[in-house]
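Since every read-out is calculated from the coordinates, none of them should be taken as a lab result. Please read all numbers here as calculations on a predicted model, not as lab measurements. Methodologically, a virtual Cβ is constructed for each residue, glycine included, from the backbone with ideal geometry; neighbour enumeration extends over all protein chains shown.
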Amino acid sequence: MEVKVCKNCRRLFNHINGPDLCQECMKLLPKEEEGRVNIRLNSGLSRLLVEEEEKYIKIKEYITIYPNATIVQIADANGVTPSKIFEWIREDRLEFSEESKEVWFTCMKCGTKIKSGRYCAQCRGK
Ligand SMILES: [Zn+2]
Ligand SMILES: [Zn+2]
């Protein structure tokens, strides 16, 4: 657990996993209900964050349709920068399938191939 600044309200909070948002702002994030996305505007989230969430959801769908796409292809097709995608991967919000092993990441500690996040399950458990 580490203390981070919430991307939306700028308060300090204890970050466990997921996006850099405090518990209150997490509640404002769009929910995926039965495959449909429900983005609540004027919910207190900044316009920028709502746009980011819209893209995040689009990309998640894109990855399920094109499991072999590379980061650059995903970024180009969805109008985001590759670094944004890396950010989501590090936040553990995007995960790649078995078929897209070439875009998997290496654990920052032991170098094992992982699908998302910074560390493999073993190193994370420590
Ligand atoms: Zn917040
Ligand atoms: Zn590891």
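Give me the lysines in straight-line cross-link reach of residue 4: C-alpha distance below 19 Å, same-chain residues under 8 apart excluded.
Cα-Cα hits under 19 Å: 27, 84.
Sort 4-15, 84-95 for me by packing, meaning the mean count of neighbouring Cβ atoms within 10 Å per residue, highest on top.
Numbers: 4-15: 14.5, 84-95: 17.2.
Result, highest mean Cβ count within 10 Å first: 84-95, 4-15.
Which order results if 57, 65 are arranged by neighbouring Cβ count within 10 Å, fewest first? Before the final figure, lay out the partial values.
On the way: 57 14, 65 7.
Ordered by Cβ neighbours within 10 Å, fewest first: 65, 57.
Can you sort 83, 116 from fewest to most other Cβ atoms within 10 Å of each residue's own Cβ?
Details: 83 9, 116 15.
Ascending number of Cβ neighbours within 10 Å: 83, 116.
If we sort 105-113, 47-55 on the protection proxy, mean other Cβ atoms within 10 Å, highest first, what's the order? Working shown, then result.
On the way: 105-113: 13.3, 47-55: 15.0.
Those peptides, ordered most packed to least, come out 47-55, 105-113.
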